[in-house]
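Student: Sharing a structure, written as C-alpha cells. Questions coming.
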Amino acid sequence: MFSGIVAYRGEVLRTSAAGGGLTLWVRCEGVEAERPEPKDSIAIDGVCLTATTIERDAIAFDVVPETIARSTLGRLEPGAAVNVEYALRVGDRVGGHFVYGHVDGVATVLARAPEGQGARMRIDSPADLAPMIVEKGFIAVDGVSLTIAAVGPGWFDVALIPETLERTTLGARQPGTRVNLEVDPLARYARAS
C-alpha cells in the first residue's frame, strides 16, 4: 500500500521482452534511505511492482501482460523519468490517500495552464471510470495523490501545487501525454455495492 506522496524519481535504464511481458530496469532515487530488498513492492508511475533484482540503485521488475494492458509501462523507453514510491511501513504518515498501485486505466492529458503558484491540468475521463471520478474526491495520477478540482463531461481537472510540479513527473506532463489513473478505492467499492 502507498500514500501517493511521491518522494522520489527514477529513470528507466532498459526494458526487455519476457514471455509476453517485459523486464523493466529503473535507476531509483532513495535506495540508500529506503533499503528495498527483492520481493518488496515499489510503485513505478503509480503501478505496484515487485522488485526482483537490486544492483545498487538499479532495480528490476517483471511486468506481466495484464499490467502492460492497463498502464503506460509498456510504452516506457530508456531515459524516461518515472515517479517512485516505496511501500508504506507500519507507523508511516499517510499524508495523501490510500493508493494500492492497482491502476484502473490510462488517460490523456488534455490541457495544462498556470494557476496561481502552480498549474491546473485537465485529463480525459475514461467512460468506465467516470462514475468514480467526483469533484473533491481523490485520484492517483501516475501514482501522485491528488484532489479532483472539477469534473465535466469526459474530463476532470486537478490542481497541482509547486511541490508536486517540482518533485514528480507531473511537472513535465503536457497535453497529449498518457498517464496512469487509479480511482479512490472507496469510490470503487461504493460502485461495486
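Every number in this text was worked out from the coordinates using simple rules, so none of it is lab data. The structure displayed is predicted, hence computed values, not measured ones. Cβ coordinates were reconstructed from backbone atoms using ideal geometry, including for glycine residues, and neighbour counts include every protein chain displayed.
Student: Averaged across orientations, what area in nm² does the convex hull of the alpha carbons in segment 8-86 project? Could you put the intermediate results ahead of the total?
Tutor: On the way: hull surface 17.5 nm².
The number I arrive at for segment 8-86 is 4.4 nm².
Student: Is there a quick way to get the dipole size of segment 8-86? I mean about its Cα centre, with the Cβ of Lys and Arg at +1 and of Asp and Glu at -1; what is the value in debye to the nearest 20?
Tutor: Working: 8 positive and 13 negative charges, 42 e Å.
My answer is approximately 200 debye.
Student: Using a basic spin-label model with each label point 7 Å from the Cα along Cα→Cβ, how many nm lie between Ile68 and Glu135?
Tutor: 4.1 nm
Student: While we're here: Could you pull out the GluC sites (Glu not before Pro) across segment 93-164 that fall in loop regions by DSSP (anything but H, G, I, E, B) with no more than 16 other Cβ atoms inside 10 Å? Could the numbers behind the result be given before it?
Tutor: On the way: sites: Glu115, Glu135, Glu163; in loops: Glu135.
Answer by residue number: Glu135.
Student: Quick check: residue separation of Met1 and Asp92 times 0.36 nm, minus the Cα distance between them. What number comes out in nm? Intermediate values should be presented prior to the final figure.
Tutor: On the way: separation 91, 0.36 × 91 = 32.76 nm, distance 1.12 nm.
Taking Met1 through Asp92 to full extension adds about 31.6 nm, to one decimal.
Student: When the helices in the chain are scored as -39500 (n - 2.57) per DSSP H run of 4 or longer and the sum is shared across all residues, what 222 nm value do you end up with, to the nearest 500 deg cm²/dmol?
Tutor: Values: 4 runs with 24 residues, N = 193.
Helix contribution divided over all residues of the chain: -3000 deg cm²/dmol.
Student: Taking all pairs of different Cα atoms in segment 77-183, averaging 1/r and flipping that mean, what Kirkwood radius in angstroms comes out?
Tutor: On the way: mean 1/r = 0.0700 Å⁻¹.
Radius from the Kirkwood sum: 14.3 Å.
Student: Which residue fluctuates the most in the chain, going by a Gaussian network model with Cα springs under 10 Å, if the choices are Gly19, Gly152, Gly96?
Tutor: Evaluated over the chain, the most mobile residue of the options is Gly19.
Student: Taking only the Cα atoms of the chain, how large is their convex hull per residue, in Å³? Numbers along the way, then the final one.
Tutor: On the way: hull volume 23.8 nm³, N = 193.
Spelled out: Cα convex hull of the chain, divided by residues, is 123 Å³.
Student: Among Thr108, Thr53, Thr169, whose mean-square fluctuation peaks in a Gaussian network model of the chain (Cα, cutoff 10 Å)?
Tutor: Between Thr108, Thr53, Thr169, it is Thr53 that shows the largest mean-square fluctuation.
Student: How long are the semi-axes of the ellipsoid equivalent to segment 101-144, from square roots of 5 times the Cα gyration tensor eigenvalues, in whole Å, largest first? Numbers along the way, then the final one.
Tutor: Details: eigenvalues 80, 27, 25 Å².
In descending order the semi-axes read 20, 12, 11 Å.
Student: Taking a label point 7 Å from the Cα of Ala190 along the Cα→Cβ vector, which residues of segment 143-166 have an amide N closer than 13 Å to it?
Tutor: 148
Student: Can you give the FRET efficiency to the nearest 0.05 for Ala150 and Thr23, using r as the Cβ-Cβ distance and R₀ = 41 Å? Can you show the working numbers first?
Tutor: Details: r = 40 Å, r/R0 = 0.97.
Here the calculated transfer efficiency is 0.55.
Student: How far is it, in nm, from the label point at Tyr100 to the one at Thr53 when both lie 7 Å from their Cα along the line to the Cβ?
Tutor: 3.1 nm
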